[in-house]
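Asks: There's a structure below that I have some questions on.
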Amino acid sequence: MDPKQKSGKERSARPLAAGALPGLLGYRLRLAQQAVFRDFAASVQGLSPGRVGLLVYIDANPGVTQSRLAEAAERDRSTMVGVLDQLEARGLIERRRGTDRRTNGLWLTWAGSELLARALRGIARHEQRIAARLTLVERRHLLALLAKISG
């Protein structure tokens with residue numbers, strides 16, 4: 001075999017040099033995010049982290065308006081409408097006319113409350129797994145640092 005034409009297995013035997021990547025915050029955050037999202041998907045069936053976050057906001061703030069929810073979740077209002085339409089179509093939330101007739105308040109349905117409760121149990125197990133390599137002090141420090149970065 002020509003040494004220049006090694007099989008895929010032979011080529012991947014030696015890892016690529018990472019260069020400057022390991023020292024870049026964005027690179028490390030992205031790797032961490034990918035690992036967290038993989039574990040989240042295995043722990044919480046049928047809901048993305050973003051949708052769980054919306055359900056948590058609605059649960060904690062019954063009657064919240066779409067625009068206040070979009071602001072809290074740091075999402076574009078036009079994008080929020082489509083996501084809320086999907087959650088409503090799944091029977092997880094309901095819109096109720098607000099007192100001024102121009103706004104709709106959002107509430108979880110019984111099915112939404114049940115799904116959120118199951119999701120939160122899965123998330124609790126997920127959080128334990130992803131934080132297993134950290135001490136309690138390291139976990140708190142990491143959360144503080146991430147909050148500092150995200151502003």
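The values are calculated or read from the model by the stated rules, or taken from the named source; none is laboratory data. Since this is a predicted model, take the numbers as computed values, not measurements. With ideal geometry, Cβ positions are generated from the backbone for all residues, glycine too; neighbour counts draw on all protein chains shown.
Asks: Checking Ile149 against (1) in contact with a helix residue (DSSP H, G or I) (Cβ under 9 Å, 6 or more places away or on another chain); (2) at pLDDT 95 or above; (3) aliphatic (A, V, I, L, M), which single condition isn't satisfied?
Replies: Status for Ile149: all satisfied but (2).
Asks: Pick from Leu115, Leu106: which is under 19 Å from the mean Cα position of the chain (by Cα) and at pLDDT 95 or above? Full working, then the answer.
Replies: Numbers: Leu106 fails: under 19 Å from the mean Cα position of the chain (by Cα).
Leu115 is the lone residue from the list that is under 19 Å from the mean Cα position of the chain (by Cα) and at pLDDT 95 or above.
Asks: Same structure, new question: Has segment 132-143 got at least one residue that is at pLDDT 95 or above and among the small types (Gly, Ala, Ser)?
Replies: no
Asks: Sort out which residues of segment 130-144 are exposed (fewer than 11 other Cβ atoms within 10 Å of the Cβ) and within 22 Å of Gln34 (Cβ to Cβ), and write them in order of number.
Replies: Ala132, Arg133 - these are the residues of segment 130-144 that are exposed (fewer than 11 other Cβ atoms within 10 Å of the Cβ) and within 22 Å of Gln34 (Cβ to Cβ).
Asks: Where in segment 32-104 are the helices (runs of 4 or more DSSP H), entirely inside, with at least 2 residues that are buried (at least 16 other Cβ atoms within 10 Å of the Cβ), touching a Cys at 6+ places or on another chain (Cβ under 7 Å) and hydrophobic (A, V, I, L, M, F, W, C)?
Replies: Details: elements: 49-60, 66-72, 77-89.
Because the criterion is at least 2 residues that are buried (at least 16 other Cβ atoms within 10 Å of the Cβ), touching a Cys at 6+ places or on another chain (Cβ under 7 Å) and hydrophobic (A, V, I, L, M, F, W, C), no helices (runs of 4 or more DSSP H) in segment 32-104 meet it.
Asks: Follow-up question, since we're still on this one. Condition first: of a type in the set (A, V, I, L, M, F, W, C), farther than 15 Å from Gly46 by Cα and surrounded by fewer than 16 Cβ atoms within 10 Å (Cβ to Cβ). Now tell me which residues in segment 105-119 satisfy that. Full working, then the answer.
Replies: We begin by selecting, within segment 105-119, every residue of a type in the set (A, V, I, L, M, F, W, C); these are 106-108, 110-111, 115-117, 119.
Still in the running and farther than 15 Å from Gly46 by Cα: 106-108, 110.
Hit for segment 105-119 is Trp110, nothing else.
Asks: Follow-up question, since we're still on this one. Quick one: Glu88 ticks every box in (1) in contact (Cβ under 8 Å) with a residue 24 or more places away in the chain; (2) over 22 Å from Phe40 (Cβ atoms); (3) acidic (Asp, Glu) except a single one, so which number is it?
Replies: (1)
Asks: For Leu120, all conditions in the list (1) part of a helix (DSSP H, G or I); (2) within 23 Å of Ser150 (Cβ to Cβ); (3) in contact with a helix residue (DSSP H, G or I) (Cβ under 7 Å, 6 or more places away or on another chain) hold save one; what is the number of the exception?
Replies: (3)
Asks: I've got another one for you. From the residues in segment 35-78 that are among the hydroxyl-bearing types (Ser, Thr, Tyr) and within 16 Å of the chain's Cα centre (by Cα), which one is farthest from Gly91 (Cα to Cα)?
Replies: The first filter runs over segment 35-78 and keeps only residues among the hydroxyl-bearing types (Ser, Thr, Tyr), leaving 43, 48, 57, 65, 67, 78.
Going one step further and asking which of them are within 16 Å of the chain's Cα centre (by Cα), we end up with 43, 48, 57.
Numbers: Ser43: 22, Ser48: 16, Tyr57: 17 Å.
Once the filter is applied, the top-ranked residue is Ser43.
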